Amino acid sequence: IAGITQAPTSQILAAGRRMTLRCTQDMRHNAMYWYRQDLGLGLRLIHYSNTAGTTGKGEVPDGYSVSRANTDDFPLTLASAVPSQTSVYFCASSEYKTGPDTQYFGPGTRLTVL
Amino acid sequence: GQNIDQPTEMTATEGAIVQINCTYQTSGFNGLFWYQQHAGEAPTFLSYNVLDGLEEKGRFSSFLSRSKGYSYLLLKELQMKDSASYLCAVRDGDYKLSFGAGTTVTVRA
């Protein structure tokens with residue numbers, strides 16, 4: 001059981017280029033999330049999906065888009081990358097239920113935009 | 001939105017106890033989580049509190065006071081492998097998590 005996988009592990013990208021970060025989970029979780037983690041700011045929610053076919057905006061959605069065509073995959077797209085999007089990106093998933101609806105995190109993608 | 005505060009850094013000696021405090025102000029509350037994150041790795045779940053009181057899990061315990069908007073994570077019998085960042089996170093009324101900036105704990109021999 002892999003849990004959550006993310007690709008690529010790291011990427012250096014020229015400003016203005018388009019980039020898609022991939023996230024796949026095999027736990028059949030309903031909900032999936034994208035966070036970015038920056039030094040001193042902690043994890044911030046970019047977009048989320050409570051179930052396949054639906055998405056929502058988090059705290060810092062500008063410049064990012066997502067889709068949720070099926071349960072397992074939740075790609076994050078940067079349409080035109082800018083240096084301020086340099087960060088570590090984590091994908092997470094959860095069952096989406098009451099009680100301890102624990103989020104499980106992927107290994108992260110380190111993105112540098114030059 | 002949420003406002004979550006925790007100390008930036010703490011240092012302790014191997015075998016000692018460290019308490020990491022977290023205060024929060026939220027619009028709706030559906031539980032408080034603590035995550036551990038080693039450098040260069042993903043956060044991993046440590047504990048969950050939704051009712052007031054203490055939850056104990058081995059060497060780690062977590063406490064919650066909803067009326068005070070306060071939680072702490074207690075790490076006992078510190079080991080070198082406990083050197084990591086500890087993230088306090090609050091789940092709001094929409095079941096979204098907001099994270100504090102994290103507390104980096106350094107365990108010295």
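In table form, for the structure just shown:
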quantity	calculated
Residue check, A:Leu39 surrounded by fewer than 21 Cβ atoms within 10 Å (Cβ to Cβ), within 19 Å of B:Ser98 (Cβ to Cβ), within 12 Å of chain B (Cβ to nearest Cβ) and over 14 Å from the mean Cα position of the chain (by Cα)	yes
Which numbered condition A:Met27 fails, given (1) assigned to a strand (DSSP E or B); (2) closer than 26 Å to B:Tyr86 by Cβ	(1)
Number of positions in the stretch B:57-93 that are assigned to a strand (DSSP E or B), modelled with pLDDT under 95 and surrounded by fewer than 18 Cβ atoms within 10 Å (Cβ to Cβ)	1
Residue selected from the stretch B:96-109 under the condition part of a loop (DSSP other than H, G, I, E, B) and within 12 Å of another protein chain (Cβ to nearest Cβ), by the criterion farthest from B:Gln36 (Cα to Cα)	B:Lys96
Top-ranked residue in the stretch B:25-44 [being crowded, with 16+ Cβ neighbours inside 10 Å, within 20 Å of B:Leu75 (Cβ to Cβ) and not small (Gly, Ala, Ser); ranked as nearest to the other protein chains (Cβ to nearest Cβ)]	B:Pro43
Pair list, Cβ < 8 Å and 6+ apart or interchain, from the stretch A:61-86 residues that are within 18 Å of A:Leu45 (Cβ to Cβ) to residues that are surrounded by fewer than 17 Cβ atoms within 10 Å (Cβ to Cβ) and among the basic types (Lys, Arg)	A:Pro75/A:Arg22; A:Thr77/A:Arg18; A:Leu78/A:Arg18
Residues located in the stretch B:65-95, provided they are closer than 15 Å to B:Tyr35 by Cβ and either within 14 Å of chain A (Cβ to nearest Cβ) or of a type in the set (A, V, I, L, M, F, W, C) (or both)	B:Leu73, B:Leu75, B:Ala84, B:Ser85, B:Tyr86, B:Leu87, B:Cys88, B:Ala89, B:Val90, B:Arg91
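Residue-wise test of (1) free of Cβ contacts under 8 Å to residues at least 60 places away in the same chain; (2) under 19 Å from A:Phe105 (Cβ atoms).
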residue	(1), (2)
B:Phe29	no, no
B:Ser47	yes, yes
B:Asp52	yes, no
B:Gly58	yes, no
B:Ser61	yes, no
B:Leu74	yes, no
B:Leu97	no, yes
B:Thr104	no, yes
B:Val107	no, no
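The values are calculated or read from the model by the stated rules, or taken from the named source; none is laboratory data. Given the structure is predicted, the values throughout are model-derived calculations rather than measurements. Backbone-built Cβ (ideal geometry, glycine too); neighbour counts: all protein chains shown.
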